[in-house]
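Nothing in this text is a laboratory measurement; each read-out follows from the coordinates by a stated rule. What you see is a predicted model; the values in this text were computed from it and never measured. With ideal geometry, Cβ positions are generated from the backbone for all residues, glycine too; neighbour counts draw on all protein chains shown.
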Amino acid sequence: GGSSGSSGGGGEGSRWDLNCALSRLVTAGEISPAIVVMLDSCGGGHLLDMDLPLGPEMPPVPLLRRRWLEYGDNPLGRKYIGYVCDVVKPAIDAKFRTLPSPEHTSAMGSSMGGLCAFLSAWRRPDVFAHAACLSPVFQLPLITEVALRKRL
């Protein structure tokens, strides 16, 4: 819960069969009904292309995939997570009947998205209490930070 939308339409959720999996789990009584929001990771609207106060770290460059920057454990990645937590999540909570507290809010992703999901819960426990990380990309500094349980 805590997020909204649908997984149909050919995006990542349809490849994961997320809509069917969630429906089966709800029907079986394993989970409560959920609102799912899926942020586009491949189309237009990259964070670096948006009119956001990101600073001069990386100017917009057409047709250059930069998700590793936006999803990574770096200053720009922290700005992306801040944008999701401070702009996107409140907008979803305002528009839909969510349970907005962290214990009802999860992030999920695969590969770099799995890293971003983990970082969302690790860096912003005030927003995300849970993360599902499918084949995430973890680097040694983050592994060490987590092992030592010291949020940087």
Check your understanding: With +1 on each Lys and Arg Cβ and -1 on each Asp and Glu Cβ, how big is the dipole of the stretch 75-152 about its Cα centre, in debye rounded to the nearest 20?
Key -> 120 debye
Exercise for review: Just the ratio, please: alpha-carbon radius of gyration of the stretch 73-152 over 2.2 N^0.38 Å, N its number of residues.
Suggested key: 1.09
**Study point:** For Ala129, residues with placed amide H under 5 Å, excluding near neighbours
**Key:** Thr105
Practice item. Which order do the peptides 128-139, 106-117, 88-99, 22-33 take when ranked by the mean count of other beta-carbon atoms within 10 Å per residue, highest first? Key: 106-117, 128-139, 88-99, 22-33
Revision key, fill the gap. Along the dipole axis of the stretch 66-152 (charges at Cβ: +1 for Lys and Arg, -1 for Asp and Glu; origin at the Cα centre), the most positive-end residue among Cys116, Gly82, Thr98 is Gly82
Check your understanding: Between Asn74 and Thr27, what length in nm is gained on full extension when 0.36 nm per residue of separation is reduced by their alpha carbon distance?
Key -> 12.9 nm
**Study point:** Rg to Rh quotient for the stretch 91-132, alpha carbon positions, Kirkwood Rh
**Key:** 1.01
